[in-house]
Amino acid sequence: MWLHESMRGMGLGLAVTALVCSGCTLGDGEGESVEITTTDAAGRTTVVTQEVTQAPEPTDGEVTDAAPTTATLVPTVLDVPGGTRIAFDMPDTWSIVELGTAQRTEPPDPSATLPQQWCLVPADELPAIDGCAGVLLAAGPDWLPGHAGTAYSPRQVEGWHTTPGPLPCPFADDGGIADAATVTSTPDAAAMTEAPTTPDDSEVDLLVTSAEGLPLTTTQSEVNGRTVTYETWRATCSLTEEAAMTPQVWHDLDLGVLVRDYFGSPDTIALVSSLRRG
């Protein structure tokens, strides 16, 4: 069952911060708002209002509200290329998988330091996008990974993922995770129709990003004194159109960190707020 989460964080005694975290959805539902109070490393209080909605059960169509989960956050420190460190707080049930450095081919810059990438994997099973079944974090002093071998920049077409070309739909017909062999397959370009939004029955169920790949939301906010650009997209599956997801990207300009949340984890907002130098 996929969940839809919306969060708006407001720093008390700080500049107002508005971040909306929308997850993936299957169907419609009505949720409830709850307030979660967190405290950062400097002792400053942040109140997060979270709306959680669970999709209707396919058997009877009734809507069941999903209660927010509580997580124990643990400090985590990572070594960044260039000799610095970043720290953040993440749930103790998550794990970290190192993905290696990103490669820049469009245009190449041999003199720049390559950014390092990690996958922050929640306890819940998620499909893998860009080789990450969770939240991707990238850090580097010179550039951060954008789409198809480019450096990331705001308002970038398909900037919510790095994999070039069309992505297979990560959802199965029943709303669960699609077969791993299907999700990781690359559609044959020669067999693709000219318009990938209308494939024939022999083609792979593809993710199609709305607005011709441009982000639907681009805002710049202050988060605990840092400048952060926040962007959202919406992607649907070409053959399973009721399956939709709204990926989100946070670009911390001050720390040189990029966070990609493909499926809208309710814990990502706390992770982004807690980013700091290690």
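Below are the figures for this structure:
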| quantity | calculated |
| --- | --- |
| Yes/no for residue 130 being in contact (Cβ under 8 Å) with a residue 40 or more places away in the chain, within 26 Å of residue 176 (Cβ to Cβ) and among the acidic types (Asp, Glu) | yes |
| Whichever residue in region 85-95 is surrounded by fewer than 15 Cβ atoms within 10 Å (Cβ to Cβ) and in contact with a strand residue (DSSP E or B) (Cβ under 8 Å, 6 or more places away or on another chain) and, among such residues, is nearest to residue 258 (Cα to Cα) | 85 |
| Residues satisfying the stated conditions in region 260-275, i.e. assigned to a helix (DSSP H, G or I) and of a type in the set (S, T, N, Q) | 268, 273 |
| Residues located in region 67-85, provided they are more than 16 Å from residue 275 (Cβ to Cβ) and either part of a strand (DSSP E or B) or not polar (S, T, N, Q) (or both) | 67, 68, 71, 81, 82, 83 |
| Members of region 158-168 that are under 18 Å from residue 107 (Cβ atoms) and surrounded by 15 or more Cβ atoms within 10 Å (Cβ to Cβ) | 158, 159, 162 |
| Selection count where residues are touching a helix residue (DSSP H, G or I) at 6+ places or on another chain (Cβ under 6 Å) and either of a type in the set (S, T, N, Q) or assigned to a strand (DSSP E or B) (or both), scope region 86-121 | 3 |
| Matching residues in region 203-261 - criterion: being buried (at least 17 other Cβ atoms within 10 Å of the Cβ) and of a type in the set (Asp, Glu) | 203, 205, 231, 252, 261 |
| Selection count, region 202-227, where residues are among the hydrophobic types (A, V, I, L, M, F, W, C) and either at pLDDT 95 or above or assigned to a loop (DSSP other than H, G, I, E, B) (or both) | 4 |
| Failed item, numbered, when residue 241 is tested on (1) assigned to a loop (DSSP other than H, G, I, E, B); (2) modelled with pLDDT of 95 or more; (3) of a type outside the set (Lys, Arg) | (2) |
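The values are calculated or read from the model by the stated rules, or taken from the named source; none is laboratory data. Here the structure is a predicted model, which means the values were calculated and not measured. Methodologically, a virtual Cβ is constructed for each residue, glycine included, from the backbone with ideal geometry; neighbour enumeration extends over all protein chains shown.
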